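In what follows, a single structure is set out as structure tokens and then discussed.
The values are calculated or read from the model by the stated rules, or taken from the named source; none is laboratory data. Quick caveat: nothing in here was measured; it's all calculated off a predicted structure. Here Cβ is always computed from backbone atoms with ideal geometry, including for glycine, and neighbour counts include all displayed protein chains. Side chains included, ligands, DNA and RNA excluded: accessible areas come from the protein's heavy atoms. Shrake-Rupley method; radii C 1.70, N 1.55, O 1.52, S 1.80 Å.
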Amino acid sequence: MVARFSAFAPALLAAHAREVAQGARQARLLEAKLRLERTVMAQDKRRSRASHDLRTPLMVIKGYVDMMLKGTGGPLSAQAQRYLERIAKVSADQKDLIDRRLSPPVPGLEDLRPVLEHAFAPVKGRATPTLTLPGERTVPVRGTRADWELLARTLAKGTAGAVAVDVHLGPALEASQWLLRVQACPGAALTARTQAVLQQLAGRLGGTLAVAVEPRLEITLLLPGDDAFPVPAHR
């Protein structure tokens, strides 16, 4: 019996050492998690304060410009009118930029490509879709995975009856946006209900939808990228 215990002793000691090491590692991870949470909270406070400090003067400028455009300060020449309208536009654009960059983070999808590949996967009895996706890098986008998966499934179902389906994803002409275009040869019919669902999803994800039926069904979506990962320039 003593000999058998002696044989098991090294294994028991090794297991105990592993448990102690695992406990110490768990404690370090918990401490790191708490430090990260404190850092994120501090960054959120700084972002909120910076957003307020930058937005306040813009709102003051906008207020005075609006009053001048309404004639509160007296009649304006055509040149002064153009200058004020330009100031108002630049102020609005700057406010949108501040809101977009300094607003609380929105849940995002790390890569849109697998979602499209899954939705447009070959199905027996249907034409195999042609997918043209960026191959050199991921496609991070804002919005929840559930919304993107529903959008992709709706696009796939809406073009399921087509003889040929072509899906293209790439940078849009406008910076920080992705262009998703689905083209279907004769055989696909996009119902009003499906188009309404796509319109709602595109709006929820911060994008726009355009549908053309001639000479073939073409669904075009402009989708905002994730500001943390700039969209490559259109070529």
Pair list, Cβ < 8 Å and 6+ apart or interchain, from segment 129-143 residues that are on the phi > 0 side of the Ramachandran plot to residues that are among the hydroxyl-bearing types (Ser, Thr, Tyr) and open to solvent by 70 Å² or more (accessible area, probe 1.4 Å): none
If a residue has to be open to solvent by less than 30 Å² (accessible area, probe 1.4 Å) and not in a loop (DSSP other than H, G, I, E, B) to count, how many in segment 137-172 make the cut? 13
Filtering segment 176-206 down to residues that are without any contact (Cβ under 8 Å) to a residue 40 or more places away in the chain, in a helix (DSSP H, G or I) and under 21 Å from PRO224 (Cα atoms) yields GLN195, ALA196, GLN199, GLN200, GLY203
Just wondering, is there one or more residues in segment 90-97 that are part of a helix (DSSP H, G or I), open to solvent by less than 80 Å² (accessible area, probe 1.4 Å) and among the hydroxyl-bearing types (Ser, Thr, Tyr)? yes
Return a yes/no flag: does segment 219-226 have any residue that is surrounded by 14 or more Cβ atoms within 10 Å (Cβ to Cβ) and of a type in the set (D, E, K, R). yes
List the pairs whose first member sits in segment 75-95 and is free of Cβ contacts under 8 Å to residues at least 24 places away in the same chain, whose second member is β-branched (Val, Ile, Thr), and whose Cβ atoms are under 7 Å apart, counting only residues at least 6 apart or on separate chains? LEU84/VAL65
Would you check if ARG46 is open to solvent by 80 Å² or more (accessible area, probe 1.4 Å) and at pLDDT 90 or above? no
How many residues are over 17 Å from ALA119 (Cβ atoms), open to solvent by less than 70 Å² (accessible area, probe 1.4 Å) and of a type in the set (A, V, I, L, M) when one looks only at segment 173-208? 2
Could you go through segment 74-85 and let me know if any residue there is in a helix (DSSP H, G or I), basic (Lys, Arg) and more than 30 Å from GLY225 (Cα to Cα). yes
